[in-house]
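The values are calculated or read from the model by the stated rules, or taken from the named source; none is laboratory data. Every value quoted in this text rests on a predicted model; they were computed, and no experiment measured them. Positions of Cβ are backbone-derived with ideal geometry, glycine not excepted, and every protein chain shown enters the neighbour counts. For accessibility, only protein heavy atoms count, side chains too; no ligands or nucleic acids. Shrake-Rupley method; radii C 1.70, N 1.55, O 1.52, S 1.80 Å.
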Amino acid sequence: MAKAKAPRRTLDSYTVKHINKTIKAGDCVLMRPADQSKQQYVARIERIEADSRGGNVKVHVRWYYRPEESIGGRRQFHGSKEVFLSDHYDVQSADTIEGKCTVHSFKSYTKLDAVGNDDFFCRFEYNSSTGAFNPDRVAVYCKCEMPYNPDDLMVQCEGCSDWFHPACIEMTTDEAKRLDHFFCESCSSEGQKKLQNSHSASRHSDAKLCVNTVVNFCNEIFQGHV
């Protein structure tokens, strides 16, 4: 007769002693890969369970994939801290947890004053079998028609309100930061006339321009454009 499997119980929380951190369902964690040359894996804890004596603790996780781990690979618009919430579930030993992290929504991430080593963001769910993404489309910008990468500076045309990468308009990042006004190639003639006739246009500092570029762009994205 086969030996009965020992019952296991679900834990509300568990303190991972080697990192002195308490985890619970819903937390995001960094997990040790079998291949030490690879980056830590990012996962969301779904459930924590232990044997009847509270030992042999296992975590049920849902994996986040980095862009380079997806079927299509990393693309130009993927942020350096971007991950995809996959449909890949797994069970791992709690001993493989190396730290806690935060996976922000795209909107929350773009509002961070500073991005730490343990900050990530997610804007897509990912089907690990088919390589499909949800949502399957997002707004595109610039002449290159690429989705927004929060790592990249973009400047907004005062005529058509589209956003552009400096490199796509033959401009350096430093030149873009020094701009007081910008009109794209399609709007340049009309834009210059407006500036000549305007007596109320104020000059902005480099820092203010840079901040407004990011803030206004993020507000545009989340007011029905994505």
Given (1) open to solvent by 70 Å² or more (accessible area, probe 1.4 Å); (2) in a strand (DSSP E or B), index of the condition ASP90 fails: (1)
Residue match in the stretch 107-123 (condition: over 30 Å from ASN20 (Cβ atoms) and in a loop (DSSP other than H, G, I, E, B)): yes
Breaking point among (1) open to solvent by 20 Å² or more (accessible area, probe 1.4 Å); (2) over 12 Å from PRO150 (Cα atoms), for SER70: (1)
Residue ID - farthest from GLU68 (Cα to Cα), chosen from residues in the stretch 9-46 that are in contact (Cβ under 8 Å) with a residue 40 or more places away in the chain and more than 23 Å from the chain's Cα centre (by Cα): ARG9
Selected residue (criterion: nearest to PHE124 (Cα to Cα)) from residues of the stretch 140-180 that are in contact with a Gly (Cβ under 7 Å, 6 or more places away or on another chain) and of a type in the set (D, E, K, R): ASP151
The stretch 95-106 residues that are among the polar types (S, T, N, Q), paired with ones that are outside any strand (DSSP E or B) and crowded, with 17+ Cβ neighbours inside 10 Å (beta carbon under 8 Å, 6 or more apart): SER105/ARG123
Residue match in the stretch 166-185 (condition: of a type in the set (Phe, Trp, Tyr), outside the structural domain of THR22 (by the TED database), assigned to a loop (DSSP other than H, G, I, E, B) and over 21 Å from the mean Cα position of the chain (by Cα)): yes
CYS157 being buried (at least 19 other Cβ atoms within 10 Å of the Cβ), of a type in the set (A, V, I, L, M, F, W, C) and modelled with pLDDT of 95 or more: no
Residues being surrounded by 15 or more Cβ atoms within 10 Å (Cβ to Cβ), at pLDDT 95 or above and out of contact with any strand residue (DSSP E or B) (no Cβ under 7 Å at 6 or more places or on another chain) - total across the stretch 116-149: 1
Any strands (runs of 3 or more DSSP E) falling wholly within the stretch 1-77 and containing at least 1 residues that are touching a Leu at 6+ places or on another chain (Cβ under 9 Å): 21-24, 41-51, 58-65
